[in-house]
1. Among the residues of region 324-352 satisfying the criterion of being of a type in the set (Phe, Trp, Tyr) and either in a loop (DSSP other than H, G, I, E, B) or surrounded by 16 or more Cβ atoms within 10 Å (Cβ to Cβ) (or both), which is modelled with the lowest pLDDT?
2. On the given criteria, is Leu377 in a helix (DSSP H, G or I) and more than 23 Å from the chain's Cα centre (by Cα)?
3. Can you find even one residue in region 405-424 that is exposed (fewer than 13 other Cβ atoms within 10 Å of the Cβ), farther than 30 Å from Gly240 by Cα and touching a residue at least 24 places away in the same chain (Cβ under 8 Å)?
4. When the residues of region 72-83 are narrowed to those that are in contact (Cβ under 8 Å) with a residue 60 or more places away in the chain and over 12 Å from Pro146 (Cα atoms), which ends up surrounded by the most Cβ atoms within 10 Å (Cβ to Cβ)?
5. Suppose we keep only residues that are surrounded by 22 or more Cβ atoms within 10 Å (Cβ to Cβ) and of a type in the set (A, V, I, L, M, F, W, C) within region 137-161. Which one would you say is modelled with the lowest pLDDT?
6. So, of the residues in region 176-234 that are part of a helix (DSSP H, G or I) and of a type in the set (S, T, N, Q), which turns out to be nearest to the chain's Cα centre (by Cα)?
7. Name, by its number, the condition in (1) closer than 26 Å to Ala509 by Cα; (2) exposed (fewer than 15 other Cβ atoms within 10 Å of the Cβ) that does not hold for Tyr390.
8. Have a look at Ala484, Ala480, Ala514 and point out the one that is small (Gly, Ala, Ser) and under 16 Å from Phe398 (Cα atoms).
Amino acid sequence: MIADIGSITLLLAFLVAIYGVVAAAYGARRGDDRWVRSARNAIAIIFPLVLLAALLIITALVTGDFSIAYVSDVSSRGMPTYLKVTALWGGQAGSLLFWNLLLAAFTSAAMLSKWRQQKELMPYVIIVAGMTQVFFLLISTFIENPFARNLVIPADGQGLNPLLRHPGMIIHPPMLYLGFVGFTIPYAFAMAALMSNQLGDNWIHTTRRWTLVAWLFLGLGLILGGRWAYDVLGWGGYWGWDPVENASLMPWLAGTAFLHSVMIQEKMRMFKMWNMFLIVLTYCLVILGTFIVRSGVISSVHAFAQSAIGPFFFGFIVIMFVFSAYWITKRRDALRSENQLVSYLSREAAFLYNNFLILAILGVVFLFTYYPIFSELFTGEKGFVGPPVYERALAPLFAALVLLMGVAPLTMWYRTSIQRLGRAVLWPAAAATAFIVVLFFMGVRLWPALLGFWLVMFSAILTILEFTKGTRARMRKGEAPWVAFSNLMARNRRRYGGYWIHMGVLIMAFGIVANGIYQTETQMRLAAGESITVGDFEMRFNSVSRFPGADDLLITEADVDLYRNGEFLRKLNPQIELYQRTGQPMTIPSARSTITEDFYVILVNWEPTSADAATFRIFLNPLINWVWAGGLIFVLGTLIAAWPDREKEPARARRPAVAVAGD
């Protein structure tokens, strides 16, 4: 019964979505508002239909209806209820249904909230967002239907993939999906602006917060994914330049460039073509990333199993790319900038350099991610690009971006004199140099580390100065320091929220440099009672025990004591979890975590002999928690920037009557 109702509901949603697109196109062509309103109503109906389908599959998961193939594939009777619910996005078909649910929610919310203000754009928004909805409903209805039945009903299900049972995976996929799906809205409005020839700033103002929200969720998903990898995968790291990781990073990078670039269109009436290109690129990378994850064309620990949907995704990417390119080409004259770049040392030039740097980073990641496909296509053999190659290629680009992050706010609109800029950076550069000298005498001698720390500290000082200058300006009006700082945030949320984001990224960068260069790894076999010394730490192996866990789980747990300079710190209990139904083991590391470092230990294997020997892999991860702390500040800054400002319209930069070289 559930399977039949669910399949009918998805089919109905698919047909309604087609009608919505056709009605909107007909209404726009005829100028008939009745058809457009009908299309609006059709699109609004899709959300409750897909919600019903999602609730039905959740009901089947919770009740253990193993007549449905998806339920038997991703759940079992012994799984706790919360895992059965989150199994909605634990497999291919369910996650696509969840994607459809989020897309319907975003589209309905954007359409209904902007209906009165954006009547000229709305028919085209419905067409573009509806095309995306039609495609994903096509996949869920006819190719990866979550309600497909089993020919033979099993007594129990296979259970959720052990890697997906970590608490982080409860929220990590939804964050990524919210980010991916969210970028459909600014893309739809951008295409609507092209199709209706309404190419002012209106579509940018309308979608700014939609873009920020999508960008925030995607960034948060990347951070949570790194934390999941650190806690579950048991290799001592958090980012391995895996193809699926890169598939999420690339649209986030393009979205970052877009968020910065649109400011120049708002302030200077420039970069219109840039902005259209960047939002189209972001959207296409979202679909391409989904293609990577779901097609199986590139192997990854994060990817779904190989599926037949790959050609459909590839075809949809081609269609949307050609569609976008056609409209950009058609409106190319209207997309020309109204003003020209006056000086290569100016704020608008700094934003241009930001675009180039981010696209260069994106290009390197894209090339290396798809290298296995390119190499197989041209040589017949699948190549592989490992993390060291990524790091060597990207380090100079990221270093330049960190430097630009600090210097760009010091530049002026139109032009900035070298003398003025030099005076502004002199003492921050000196302070950063003094900091590096201190680090040198503390034992930090590797030049990549010293250079990385200098760049981060230099840009961090300049960013902090932006806060202090604004606060002091308000204090001169008689406000108390805390009141001045609070009012500064409240009245300039977009600007200072951006600075908070920069601070979060810089703190993350400091931790990334420290951990990337100074991480140490040791592996040793120990018998019960033996110890190993790693740095200032001593780890003593006591024993290994085995005991059953929930849902056919067998846990092997080591008991070790951690000391530092002879002082007992705490017990650590790394585990190997074996899911006996599938025979899949999973390593669960254990760590002693502080603000300065993590002592991170993995139980590699256990030899149940009379001596009870075990092999351990140990990592010392310096400043790893700075990465997570910086991520929290990044989230805080984005929330500040996205919060409605008291200023409704952005102020445009006014061209000075006389451009003085020293100004």
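The values are calculated or read from the model by the stated rules, or taken from the named source; none is laboratory data. Keep in mind that this is a model prediction, so the values were computed, not measured. Note that we place each Cβ from the backbone using ideal geometry, even for glycine, and neighbour counts take in every protein chain shown.
1. First pass over region 324-352, keeping only residues of a type in the set (Phe, Trp, Tyr): 326-327, 344, 351.
Then drop every residue that is not either in a loop (DSSP other than H, G, I, E, B) or surrounded by 16 or more Cβ atoms within 10 Å (Cβ to Cβ) (or both), which leaves 327, 344, 351.
Values: Trp327: 96, Tyr344: 89, Phe351: 94.
The selected residue is Tyr344.
2. Details: in a helix (DSSP H, G or I): yes; more than 23 Å from the chain's Cα centre (by Cα): yes.
Yes: the conditions hold for Leu377.
3. Checked against the condition, which is being exposed (fewer than 13 other Cβ atoms within 10 Å of the Cβ), farther than 30 Å from Gly240 by Cα and touching a residue at least 24 places away in the same chain (Cβ under 8 Å), region 405-424 yields at least one hit.
4. The initial filter retains those residues of region 72-83 that are in contact (Cβ under 8 Å) with a residue 60 or more places away in the chain, namely 72-80, 82-83.
Imposing the further condition that a residue be over 12 Å from Pro146 (Cα atoms) reduces the set to 75-80, 82-83.
Numbers: Ser75: 30, Ser76: 22, Arg77: 13, Gly78: 15, Met79: 23, Pro80: 11, Tyr82: 11, Leu83: 22.
Here the residue is Ser75.
5. Leu160
6. Among them, the one singled out is Thr211.
7. All conditions pass for Tyr390, except number (2).
8. The match here is Ala514.
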